[in-house]
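Right, one structure below, let's go through it.
The values are calculated or read from the model by the stated rules, or taken from the named source; none is laboratory data. The shown structure was predicted, so the numbers you read here are calculated from the model rather than taken from an experiment. Neighbour counts run over all protein chains shown; Cβ positions are idealised from the backbone, glycine included.
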Amino acid sequence: PALTNADIEKLCQKALSVIPDKVKYYAEIMGVTYGRITIRNQKTRWGSCSSKGNLNFNCLLMLMPDKVLDYVVVHELCHLKQMNHSKKFWKEVERYMPDYPNYKKWLNENGGALIERMLRR
Ligand SMILES: [Zn+2]
């Protein structure tokens with residue numbers, strides 16, 4: 001079913017109470033420091049990391065399995081070490097989440113349907 005504006009609002013509220021704690025948890029393990037965290041409903045991205053270390057996450061992540069959300073957090077934090085998608089970058093992701101290909105695959109296969117639900121509102 002299509003998501004309503006109220007649904008999106010709720011997801012963003014939930015994301016604000018869940019994602020910053022997760023980011024803090026993984027950043028400590030990984031030994032990285034980050035800037036601001038923002039949550040948005042976006043059509044094209046699950047997360048992003050600016051050169052200043054500010055992180056941005058999509059509120060639709062709240063509709064995904066927990067491990068997929070963790071993968072997106074680890075992925076963005078790895079950009080604080082490698083600002084690209086090089087082999088080195090994926091080695092970093094693998095180091096902190098050896099089974100990440102499963103979650104990457106989940107996103108590729110199911111992410112589009114979530115975006116569709118948002119766009120149909
Ligand atoms: Zn990336």
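Of the residues that make up the stretch 72-80, is at least one at pLDDT 95 or above, within 10 Å of the chain's Cα centre (by Cα), not polar (S, T, N, Q) and not in a helix (DSSP H, G or I)? No, the stretch 72-80 contains no residue that is at pLDDT 95 or above, within 10 Å of the chain's Cα centre (by Cα), not polar (S, T, N, Q) and not in a helix (DSSP H, G or I).
Regarding the stretch 111-119, can at least one residue be identified that is part of a loop (DSSP other than H, G, I, E, B), away from the ligand (no atom under 16 Å from the Cβ) and either within 15 Å of residue 12 (Cβ to Cβ) or not aromatic (Phe, Trp, Tyr) (or both)? No, the stretch 111-119 contains no residue that is part of a loop (DSSP other than H, G, I, E, B), away from the ligand (no atom under 16 Å from the Cβ) and either within 15 Å of residue 12 (Cβ to Cβ) or not aromatic (Phe, Trp, Tyr) (or both). Only a single criterion out of (1) β-branched (Val, Ile, Thr); (2) surrounded by fewer than 18 Cβ atoms within 10 Å (Cβ to Cβ); (3) not in a loop (DSSP other than H, G, I, E, B) is not satisfied by residue 93, namely (2).
Consider the stretch 48-83 and keep the residues that are within 16 Å of residue 105 (Cα to Cα) and within 13 Å of the ligand (Cβ to nearest atom). The one that is surrounded by the most Cβ atoms within 10 Å (Cβ to Cβ) is 71. A Cβ distance below 9 Å, combined with a sequence gap of six or more or placement on separate chains, defines the contacts here; from the stretch 102-121, residues that are without any contact (Cβ under 8 Å) to a residue 60 or more places away in the chain and surrounded by 11 or more Cβ atoms within 10 Å (Cβ to Cβ) reach residues that are among the hydroxyl-bearing types (Ser, Thr, Tyr) and assigned to a helix (DSSP H, G or I) in the pairs 102/71; 103/71; 104/71; 106/71. On inspection, residue 38 fails the criterion of being hydroxyl-bearing (Ser, Thr, Tyr) and either within 13 Å of the ligand (Cβ to nearest atom) or farther than 23 Å from residue 16 by Cα (or both).
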